[in-house]
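Only one structure is covered here, and it is reproduced in the block below.
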């Protein structure tokens with residue numbers, strides 16, 4: 001029955017909830033119940049996730065250590081990566097608590113998030129020399145996560161000397177990588193850092209940016225992106241950085257980027273049915289969509305779209 005309901009999300013949830021209600025907690029760990037059980041875990045704060053951690057040995061015995069660890073790691077991945085990318089504001093105590101949770105979950109030191117975790121503190125405490133050395137030494141182990149982190153090293157509050165260090169590190173990463181696609185994205189990001197007159201994006205929340213737009217009588221431009229989206233990175237590194245694009249957008253709009261895999265992004269996506277990335281939104285100060293554009297755009301196309309949007 002669950003298999004037949006699988007293509008209908010609402011029906012699957014209804015049937016699955018009824019099925020889970022028939023099980024005793026001791027039956028949760030059985031291999032045949034793995035999909036049903038894990039589909040009821042919304043996030044790592046849920047009661048059933050706590051049950052999984054508390055009874056991990058039973059789940060591992062029935063389902064295998066690799067499968068169980070992969071699921072547990074997935075519940076922490078986006079929070080860990082968010083801190084490592086600077087998308088989540090660094091808070092030493094929260095980061096330590098997160099580390100303690102991961103330790104309690106019994107994940108191996110070789111797991112992806114355990115390798116990313118040291119980056120959080122180095123970045124948060126601006127220990128850049130250590131950060132560059134760690135990223136270089138762990139290039140193969142970090143995989144694509146290294147590219148995500150490298151192309152997030154964009155700071156508004158650092159000295160010119162530190163900015164120069166970042167650019168030199170990135171150029172050395174370009175020389176050392178064996179992946180042409182990675183080299184291309186790093187080159188584009190370096191170009192962005194060396195040409196700072198593009199679109200100036202707000203650092204706060206969407207609500208704060210919306211309030212600012214309303215107060216200044218401007219529209220809001222929202223770049224709805226994900227960290228893994230290639231066209232999103234191309235827009236950020238090749239289009240948004242161009243001087244003529246920055247001049248137009250900084251004059252007419254309040255600009256903000258929203259990571260669609262973080263809480264604010266998930267809420268925005270659900271509200272406006274956003275499932276493709278990048279999605280570019282032009283909104284008024286009350287949150288109404290004036291124009292919605294799906295997919296990457298060239299600089300000339302983006303400027304044409306902006307020119308056709310009337311002032312509020």
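Here, each number is a calculation from the coordinates, and none is a lab measurement. Predicted model, so just to flag it, every value in this text is computed and none were measured. All Cβ positions, even for glycine, are placed from backbone atoms using ideal geometry, and neighbour counts span all protein chains on display.
Between residue 226 and residue 138, what is the FRET efficiency for a Förster distance of 30 Å, r being their Cβ-Cβ separation, to the nearest 0.05? The formula returns an efficiency of 0.80 here. Of all beta bridges that DSSP places with both ends in the chain, some 55 percent have antiparallel geometry. In terms of surrounding Cβ atoms within a 10 Å radius of their Cβ, 228, 78 rank from fewest to most as 228, 78. Counting only DSSP H runs of at least 4 residues, each contributing -39500 (n - 2.57), and dividing by the residue count of the chain, the helix-based mean residue ellipticity at 222 nm comes to -17500 deg cm²/dmol. If you plug the beta carbon distance of residue 46 and residue 275 into 1/(1 + (r/R0)^6) with R0 = 22 Å, you get a FRET efficiency near 0.35. Centre-to-centre, using Cα atoms only, segment 199-215 and segment 115-131 are separated by 28 Å. Counted residue by residue at 0.36 nm each, then reduced by the alpha carbon distance between them, the extension gain from residue 179 to residue 67 reaches 37.4 nm.
Would you mind pulling out the separation of the Cα centroids of segment 62-87 and segment 276-312, in Å? Cα centroid to Cα centroid, the span is 34 Å. Given a Förster distance of 41 angstrom, what is the FRET efficiency for residue 171 paired with residue 93, based on the Cβ-Cβ distance and rounded to 0.05? Result of the calculation: an efficiency of 0.70. Modelled spin labels at residue 290 and residue 250, positioned 7 Å past Cα toward Cβ, are 2.0 nm from each other. As a rough guide to protection, the peptides 154-160, 255-261 ranked by mean Cβ packing within 10 Å, highest first, stand as 255-261, 154-160.
Is the shape of segment 138-194 rounded, prolate or oblate, going by the alpha carbon gyration tensor and its root eigenvalues a ≥ b ≥ c, with a/c under 1.5 for rounded and a/b larger than b/c for prolate? Prolate shape, in that a/c is at least 1.5 and a/b is the bigger ratio.
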